Amino acid sequence: MEKVKTLIIGSGPAGYTAAIYAARADLKPVLYEGTQPGGQLTITTDVDNFPGYHEGKKGSEIMEDLKKQAQRFGSDIRIGMIVEADFSKRPFVCKTDEGKMIEAETVIISTGASARWLGIESEKEYNGYGVSACATCDGFFYRGKTVAVIGGGDTATEEAQYLSKLCKKVYLIHRRDELRASKVMQKRVFNTPNIEMVWNSVPIEIVGEQKGFSKAVTGVKIQNVQTNETSTIAIDGIFIAIGHSPNTAIFKGQIDLDEQGYIKTTPGSTHTNIPGVFAAGDVQDPHYRQAITAAGTGCMAALDVERFLASLED
């Protein structure tokens, strides 16, 4: 069994930043990247809102920069994933997808959250070419254009509100005849002139075209769930806002989760209910879900680990 001082489960902005700080503190971190090395940012195109990249840069390239920075300080970054974790006692025992057992004095969980998608083929085809799951990340690219938001909860109404300040027109497409969002968010949407509700409708195809070596969304085909009639709305981009699922399945029953499955942390820290186990990034953040906030909590987690281990020596 391999023994490590700090095991980081998951990569992305939180995991890589935690590795940078942990390595500089001589915690000799071992990081398993998970099923999506670099996290959700690797499936985006240009990222303009991550500090330090004034001309913008592809999300995958930003994550590669963070990874190299972590490796520069000695982080042991490995391809693979943790499939089992036993937090019943410390040191904690975790198992990789190759069956390797690792005994860790401390663990940082940075497994992130995955956006829920519609599950239609054209959604995959145009992902990153007009299909997005984050208005804050990609809304800037649609200034003065027409977009659609899919969903009916607070996430969808918040996305629509944000986009309405940038875009000429926002269609909010919902499968029911009333929103599930809070009353205050519903009121804001209904009082925003350039947001148009499309009720009782579901998207069945995202329409687009080839533009040179790239692609672009030109419309969304919808079906009315009551009449089965179909129609196509001309748009420049579509935002899927039907929620996120935190990647916490292997930790259920061992660590405190909220109703949505996000890891609960002590306010103002990354401490979980288990001493020695910390959580950073989207796996414990149902509110902001930004690369920069994830990186910030990655820093916090490494500092919390350092202080935790120091306290054991006192």
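The table that follows gives values for the structure above.
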| quantity | calculated |
| --- | --- |
| Of the criteria (1) modelled with pLDDT of 95 or more; (2) within 20 Å of the chain's Cα centre (by Cα), which one residue 245 fails | (1) |
| Which numbered condition residue 215 misses (of (1) out of contact with any Ser or Thr (no Cβ under 7 Å at 6 or more places or on another chain); (2) under 27 Å from residue 260 (Cα atoms)) | (2) |
| Whichever residue in segment 226-242 is modelled with pLDDT of 95 or more and in contact with a Ser or Thr (Cβ under 6 Å, 6 or more places away or on another chain) and, among such residues, is surrounded by the fewest Cβ atoms within 10 Å (Cβ to Cβ) | 236 |
| Any hit, segment 87-94, residues being of a type in the set (A, V, I, L, M) and in contact with a helix residue (DSSP H, G or I) (Cβ under 8 Å, 6 or more places away or on another chain) | no |
| Verdict on residue 57 being exposed (fewer than 15 other Cβ atoms within 10 Å of the Cβ) and over 20 Å from residue 306 (Cβ atoms) | no |
| Filter pass, residue 278 being surrounded by 23 or more Cβ atoms within 10 Å (Cβ to Cβ), of a type in the set (A, V, I, L, M, F, W, C) and not in a loop (DSSP other than H, G, I, E, B) | yes |
| Positions within segment 1-43 being in contact with a Lys or Arg (Cβ under 9 Å, 6 or more places away or on another chain) and of a type in the set (D, E, K, R), in sequence order | 2, 5, 26, 28, 33 |
| Selected residue (criterion: farthest from residue 143 (Cα to Cα)) from residues of segment 200-225 that are modelled with pLDDT of 95 or more and not in a strand (DSSP E or B) | 225 |
| The one condition in (1) within 22 Å of the chain's Cα centre (by Cα); (2) closer than 26 Å to residue 79 by Cα; (3) of a type in the set (Asp, Glu) that residue 103 fails to fulfil | (1) |
| Candidate set from segment 153-182 (those that are surrounded by fewer than 21 Cβ atoms within 10 Å (Cβ to Cβ) and not charged (D, E, K, R)); member that is farthest from residue 239 (Cα to Cα) | 182 |
| Strands (runs of 3 or more DSSP E) wholly inside segment 94-152 that include at least 3 residues being modelled with pLDDT of 95 or more and buried (at least 21 other Cβ atoms within 10 Å of the Cβ) | 101-109, 146-150 |
| In segment 41-58, the residues that are in contact with a strand residue (DSSP E or B) (Cβ under 8 Å, 6 or more places away or on another chain) and in contact (Cβ under 8 Å) with a residue 40 or more places away in the chain | 41, 43, 44, 45, 46, 47, 50 |
| Count - residues of segment 1-51 that are in a loop (DSSP other than H, G, I, E, B) and charged (D, E, K, R) | 4 |
| Boolean, residue 38 is touching a helix residue (DSSP H, G or I) at 6+ places or on another chain (Cβ under 6 Å), of a type outside the set (Asp, Glu) and without any contact (Cβ under 8 Å) to a residue 60 or more places away in the chain | yes |
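Conditions tested, residue by residue: (1) out of contact with any Leu (no Cβ under 9 Å at 6 or more places or on another chain); (2) outside the structural domain of residue 16 (by TED's automatic domain parsing).
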position	(1), (2)
69	yes, no
75	no, no
87	yes, no
90	yes, no
100	yes, no
148	no, yes
155	yes, yes
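The values are calculated or read from the model by the stated rules, or taken from the named source; none is laboratory data. Quantities reported herein were computed from a predicted structural model and do not represent experimental measurements. Using ideal geometry, Cβ is built from the backbone for each residue, glycine included, and neighbour counts are taken over all protein chains shown.
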